[in-house]
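Read the structure below first, then the notes.
The values are calculated or read from the model by the stated rules, or taken from the named source; none is laboratory data. The structure presented is a predicted model; accordingly, all values stated were derived computationally and were not measured. When we count neighbours, we look across all protein chains shown, and the Cβ atoms used for this are built from the backbone with ideal geometry, even at glycine. For the accessible areas, the whole protein counts, side chains as well, though only heavy atoms, and no ligand, DNA or RNA atoms are used. Shrake-Rupley method; radii C 1.70, N 1.55, O 1.52, S 1.80 Å.
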Amino acid sequence: MMAIQNATMQQYNFLTEMYKDSYFPDHLVKKIEDTLRHLCEQIEKQQPKDMKALCVLTHAAVEVINNIQEEFWEAESELETAARECICGDFIFIMKTYGFDLDEDQYEEAIENRDW
C-alpha cells in the first residue's frame, strides 16, 4: 500500500467533526477516513487530468462509503446532516488540494452517487 505523498494531505486531520461526536463510532469513522486516504493515494497514482477521470476515483470512494453506511445503522448511528457536511467538506478539500478548483455543481457531480 502506498502512502500519501502530498504534504498538505499528510498533515490533514480527516473527519474532525465526526471524531469529536460520540454519535459516530470511531472505528466506523476510521473506515471512512481510510477510504478518503485511499482516494488521495489513487489521485496521486493516476493523476486524473480532467473532471471525468477524477469522477471515476471519487465515485469509487463514495460507493465504499455508501456500503459503510449500513454499519453505522447497525451501530445505531447514521450518516446524517453533520456527517454529510463533514464528509463532503473533506472530499472538497481533497479535490482542491490536488488542483481541482471546481464550482459547486462540479463538486456535487464528483460525489453524485452518494446515498447519504
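Residues that are among the acidic types (Asp, Glu), in a helix (DSSP H, G or I), surrounded by fewer than 14 Cβ atoms within 10 Å (Cβ to Cβ) and more than 13 Å from the chain's Cα centre (by Cα) within the range 78-116 comprise 104, 105, listed in sequence order. Among the residues of the range 62-77, is any touching a residue at least 40 places away in the same chain (Cβ under 8 Å), more than 16 Å from the chain's Cα centre (by Cα) and open to solvent by 50 Å² or more (accessible area, probe 1.4 Å)? Yes, the range 62-77 contains at least one residue that is touching a residue at least 40 places away in the same chain (Cβ under 8 Å), more than 16 Å from the chain's Cα centre (by Cα) and open to solvent by 50 Å² or more (accessible area, probe 1.4 Å).
The rows are residues; the columns are (1) over 15 Å from residue 88 (Cα atoms); (2) of a type outside the set (A, V, I, L, M, F, W, C).
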site: 22; (1), (2): yes, yes
site: 31; (1), (2): yes, yes
site: 43; (1), (2): yes, no
site: 60; (1), (2): no, no
site: 68; (1), (2): yes, no
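If only residues of the range 13-37 that are open to solvent by 20 Å² or more (accessible area, probe 1.4 Å) and in contact (Cβ under 8 Å) with a residue 24 or more places away in the chain are counted, the one that is farthest from residue 3 (Cα to Cα) is 23. Only residues that are part of a helix (DSSP H, G or I) and either more than 16 Å from residue 88 (Cβ to Cβ) or of a type in the set (Gly, Ala, Ser) (or both) were counted in the range 1-18, giving 5.
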